[in-house]
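Asker: Have a look at this one.
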Ligand code: PAF
C-alpha cells in the first residue's frame, strides 16, 4: 500500500492502516475499521457528533486522542431526535469542512453514515422506546417530546457499531449526559462516559453548531445568556433559589431578541428542580433561550460538590 505523507502528529493507528484518517460510510466499513483497532489491541475513544464542528467538538477529540490509542468520531444528523421538522431541515451541515478539521486534529476513524446505515429498517419502523424516568421528564425532556428517546436510540446504535472504551460528550448538553449514562446503565454497555467542559467564545457565549444561524444582532445579544449565568453564580451566597431564578429569567427576557424558554435550578445528579440550596450538593442552572428561531442552551454550576 502506498504511504501518504504524514503532516500532523500521528500515532499508532497510522501503523495499522497506513493512512491518515479513514472515512467509513457503511456498517461494514466501520465494523472492519473497529475490528482492526481491536485486533491490534489498541484502546479506542469515541466522539459522537452531528457535525458542523467547532472548537467545542475539537476539545472532545483532543481529550480522546490524549486518553486513547485511537479515536473515532461520528458525524450523523440524527432525524429521530428532532421533534421539530424545521430544526432538522435547518441544522447546519458542513461535512467536508468537518472531515478536514478531524483529519487535522489527528482523528483515526471518521464515521459518516447514511441514514440506512443507522436505521436499516427504515425510519418509520424504529420502535425502541426508553423510559428515562424523572431525569428525562424535565427541561429538554419536557420541552422536546421524543428528543431523548431519539438520542438514546442513536447513541446505543453508534455504541454497538463502535464499541469504544470511552465516549466523550460536551457538558453544554448537560441533561443529555445523564440520559446517555442512564441508557448505558439500562442496556449494560461497557463504556466509560467522559463529560467534558463547555467551551466558550471569548465573550462567554457557549460554542454551539446553532450559533452559525444567528444574525449579527442576535449574536451580539446572545452573549447576555452566559453573562447572566455568570452573574447568577455571584448571587447564590446572598439569594434564595427563587430569587436567582427570577433574576436570570428577567435579565435575559429584558434583552429584546432573547426569550427564555426555561431556566431551572436542578440537582446535578438527578436533574430535578430544587427550591433551596441545601437540597443538593451539586446544583446546576440550566437555561434554554429562543433567539428568533434559533434555540440555544447553556448551563452553569451554582453549587459544587
Ligand atoms: O449532542 C449531539 O451532538 C447529539 O445529540 C449526539 C449525542 C451526537 C446524538 O445524535
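Asker: Could you please tell me which pairs satisfy a Cβ distance under 6 Å, a separation of 6+ or placement on different chains, a first residue in segment 41-64 that is at pLDDT 95 or above, and a second residue that is near the ligand (Cβ under 10 Å from one of its atoms) and in a loop (DSSP other than H, G, I, E, B)?
Answerer: Pairs found: 50/77.
Asker: Further question: For segment 73-118, what are the residues that are part of a strand (DSSP E or B) and away from the ligand (no atom under 13 Å from the Cβ)? Full working, then the answer.
Answerer: First, the residues of segment 73-118 that are part of a strand (DSSP E or B): 73-75, 109-111.
109, 110 - these are the residues of segment 73-118 that are part of a strand (DSSP E or B) and away from the ligand (no atom under 13 Å from the Cβ).
Asker: Within segment 131-139, can one find any residue that is within 11 Å of the ligand (Cβ to nearest atom) and under 24 Å from residue 285 (Cα atoms)?
Answerer: Kept after step one, since they are within 11 Å of the ligand (Cβ to nearest atom), are these residues of segment 131-139: none.
Looking for residues that are within 11 Å of the ligand (Cβ to nearest atom) and under 24 Å from residue 285 (Cα atoms), one finds none in segment 131-139, hence no.
Asker: Do you know which of the residues in segment 162-192 that are in contact (Cβ under 8 Å) with a residue 40 or more places away in the chain, within 13 Å of the ligand (Cβ to nearest atom) and assigned to a helix (DSSP H, G or I) is nearest to the chain's Cα centre (by Cα)?
Answerer: Here the residue is 174.
Asker: Return the residue satisfying two criteria in turn: it lies in segment 275-298 and is farther than 25 Å from residue 213 by Cα and buried (at least 19 other Cβ atoms within 10 Å of the Cβ), and of such residues it is nearest to the chain's Cα centre (by Cα). Break it down stepwise before answering.
Answerer: Going through segment 275-298, the residues farther than 25 Å from residue 213 by Cα turn out to be 275-284.
Narrowing further to those that are buried (at least 19 other Cβ atoms within 10 Å of the Cβ): 280, 283-284.
On the way: 280: 25, 283: 20, 284: 17 Å.
Step by step, filter segment 275-298, then rank; the result is 284.
Asker: Could you look through segment 197-206, keep only residues that are within 20 Å of residue 139 (Cβ to Cβ) and within 14 Å of the ligand (Cβ to nearest atom), and pick out the one that is nearest to the chain's Cα centre (by Cα)?
Answerer: Ranking the qualifying residues of segment 197-206, first place goes to 198.
Asker: Same structure again: From 75, 115, which residue is at negative phi and touching a strand residue (DSSP E or B) at 6+ places or on another chain (Cβ under 6 Å)?
Answerer: On the way: 115 fails: touching a strand residue (DSSP E or B) at 6+ places or on another chain (Cβ under 6 Å).
Answer to the check: 75.
Asker: For segment 143-161, what are the residues that are surrounded by fewer than 18 Cβ atoms within 10 Å (Cβ to Cβ), assigned to a helix (DSSP H, G or I) and touching a residue at least 60 places away in the same chain (Cβ under 8 Å)?
Answerer: 143
Let's see how each residue does on (1) in a strand (DSSP E or B); (2) loosely packed, with under 14 Cβ neighbours inside 10 Å; (3) out of contact with any helix residue (DSSP H, G or I) (no Cβ under 7 Å at 6 or more places or on another chain):
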| position | (1), (2), (3) |
| --- | --- |
| 224 | no, no, no |
| 245 | no, no, yes |
| 249 | no, no, yes |
| 300 | yes, no, no |
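Asker: Give me the residue from segment 27-64 that is surrounded by fewer than 16 Cβ atoms within 10 Å (Cβ to Cβ) and assigned to a helix (DSSP H, G or I) and, out of that set, nearest to the ligand (Cβ to nearest atom).
Answerer: The extreme case among them is 55.
Asker: Looking only at segment 207-219, count every residue that is outside any loop (DSSP other than H, G, I, E, B) and more than 16 Å from the ligand (Cβ to nearest atom) and tell me the total.
Answerer: First pass over segment 207-219, keeping only residues outside any loop (DSSP other than H, G, I, E, B): 209-213, 216-219.
Then keep just the ones that are more than 16 Å from the ligand (Cβ to nearest atom); that gives 216-219.
Qualifying residue count for the region: 4.
The values are calculated or read from the model by the stated rules, or taken from the named source; none is laboratory data. Since the model is a prediction, treat every value here as computed from it, not as a measurement. Neighbour counts are summed over all protein chains in view; Cβ atoms, including those assigned to glycine, are modelled from backbone coordinates with ideal geometry.
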